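Bear in mind these aren't lab numbers, they're just calculated from the coordinates by the rules spelled out. Since we're looking at a predicted model, the values are computed, not measured. Positions of Cβ are backbone-derived with ideal geometry, glycine not excepted, and every protein chain shown enters the neighbour counts.
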Amino acid sequence: MPSVDLMIEAQALTKRYGGKVAVDELSFTVRPGQVTGFLGPNGAGKSTTMRMIVGLDRPTRGSVTVGGRPYRDHPAPLREVGALLDAKSIHRGRTARVHLLALAQTHGMAPSRVDEVLALVGLEEVGRRRAGGFSLGMSQRLGIAAALLGDPAVIVLDEPVNGLDPDGVLWIRTLLKSLAADGRTVLVSSHLMSEMAVTAEHLVVIGRGRLLADTTVDELIARLGVGSVLVRSPRATELRDLLIRHRASVTAPEPGLLRVSGLAAETIGDLALAQGLAVHELVPQRASLEQAYMELTRDAVEYREEERNGS
């Protein structure tokens, strides 16, 4: 258990590669005690930001600190910040145990700690196998073991569920929550919105290198959610036509049942009543994180598609 709580703080963080701006005046804070999801479309600048957090890239302008100082200024960085940015960035000829042992020796950690983290991530049976022969899922587990080696207060993981089977996804979800419950600062990126919805409490969303949202999961869904309403009616066809005339989006999953977007349940009920159309069921459906995320990042995604197409 770490002795102190550390925050990640980015202030006007900017990174340019020639004429291209990868991260643009990005400011946010990742606090301890909760899992913070780091989201954004491909090319949004997430990996670049994470590399700057751990000192692998130098900001063009602005700053990012962990516990009030840059990562490189920590005297024992593995004991402060554990990171997984690329699961395959390992010496392929080394065994999993030797890989971790080499890292442990840089910080004076006992070999017993290596065995502890191998067991923690479920690799104790393959610790003497060469890492070059590992599947992506096994490599992810080894990378997470390396991140946890120094028992750090801050954990930074880039797409940690890639390559994991359903049991592995559940394992990493439980692990992240337990780390946050211990009071650690946990920042994790993922493209799996369904997983972020049940794992993260707070979200930092970026697009085109800029901050789009810094909020909780519930607040983002409430602000941008495009939820629907299920409507059951014996006169569904007439009701569908009525709602479409009022600019609703309507689909019919089955006879007599409509799924309506763009109108509140109260409005649908009032419209049906005014036209004498019976409604037997009117059930609002809560929007998903994925729907809210897609709404928030729509312009950023369209920009990237246009950029790739050269328009």
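Around Leu39, which amide H atoms from residues at least 5 apart in sequence, or from another chain, sit under 5 Å from its own amide H, with H modelled in the peptide plane?
Placed amide hydrogens put Val204, Val205, Ile206 under 5 Å from Leu39.
For the chain, what does the helix formula give at 222 nm: sum of -39500 (n - 2.57) over DSSP H segments with n ≥ 4, over the residue count, nearest 500 deg cm²/dmol?
That calculation yields -11500 deg cm²/dmol at 222 nm.
With θ set to phi - 60° and the Karplus curve 6.51 cos²θ - 1.76 cosθ + 1.60, what are the ³J(HN,Hα) couplings of segment 97-109 in order, to the nearest whole Hz, using x for Gly and Pro?
With the stated coefficients, segment 97-109 comes to 5, 5, 4, 5, 5, 4, 5, 4, 5, 5, 10, x, 7 Hz.
Ranked highest first by the average count of other Cβ atoms within 10 Å around their residues, in what order do 199-205, 163-169 fall?
Sorting 199-205, 163-169 by mean packing, highest first, produces 199-205, 163-169.
Ordered by residue, what ³J(HN,Hα) values in Hz, to whole numbers, does segment 191-203 give under the Karplus form 6.51 cos²θ - 1.76 cosθ + 1.60, where θ = phi - 60° and Gly and Pro are x?
9, 8, 5, 4, 6, 4, 4, 9, 10, 8, 9, 10, 10
Please state the shape class of segment 123-197: rounded when a/c is under 1.5, otherwise prolate if a/b exceeds b/c and oblate if not, all from the C-alpha gyration tensor.
Oblate is the answer for segment 123-197, as a/c is 1.5 or above yet b/c matches or exceeds a/b.
Can you tell me which lysines have their Cα less than 19 Å from the Cα of Lys46? Leave out same-chain residues fewer than eight positions away.
Lys15, Lys20, Lys88
Search the structure for amide H atoms under 5 Å from the amide H of Thr216, placed 1.01 Å from N in the peptide plane, and list their residues when 5 or more places away or on another chain.
Those qualifying (amide H under 5 Å, at least 5 residues apart or on another chain) are Leu203.
Over the chain, what is the percentage of antiparallel beta bridges among all DSSP beta bridges, to the nearest 5?
Around 65 percent of the beta bridges assigned by DSSP in the chain are antiparallel ones.
How long are the semi-axes of the ellipsoid equivalent to the chain, from square roots of 5 times the Cα gyration tensor eigenvalues, in whole Å, largest first?
In descending order the semi-axes read 45, 23, 17 Å.
Under Stokes-Einstein, with the Kirkwood radius over Cα pairs standing in for Rh, what whole-number D in µm²/s applies to segment 228-285 at 25 °C and 0.890 mPa s?
Answer from the Stokes-Einstein relation: 229 µm²/s.
Using each residue's phi in segment 12-28, evaluate 6.51 cos²θ - 1.76 cosθ + 1.60 at θ = phi - 60° and report the 3J(HN,Hα) Karplus result to the nearest Hz, with x for Gly and Pro.
Using θ = phi - 60°, the values come out as 6, 5, 9, 9, 10, 10, x, x, 9, 9, 8, 10, 10, 6, 8, 10, 6 Hz.
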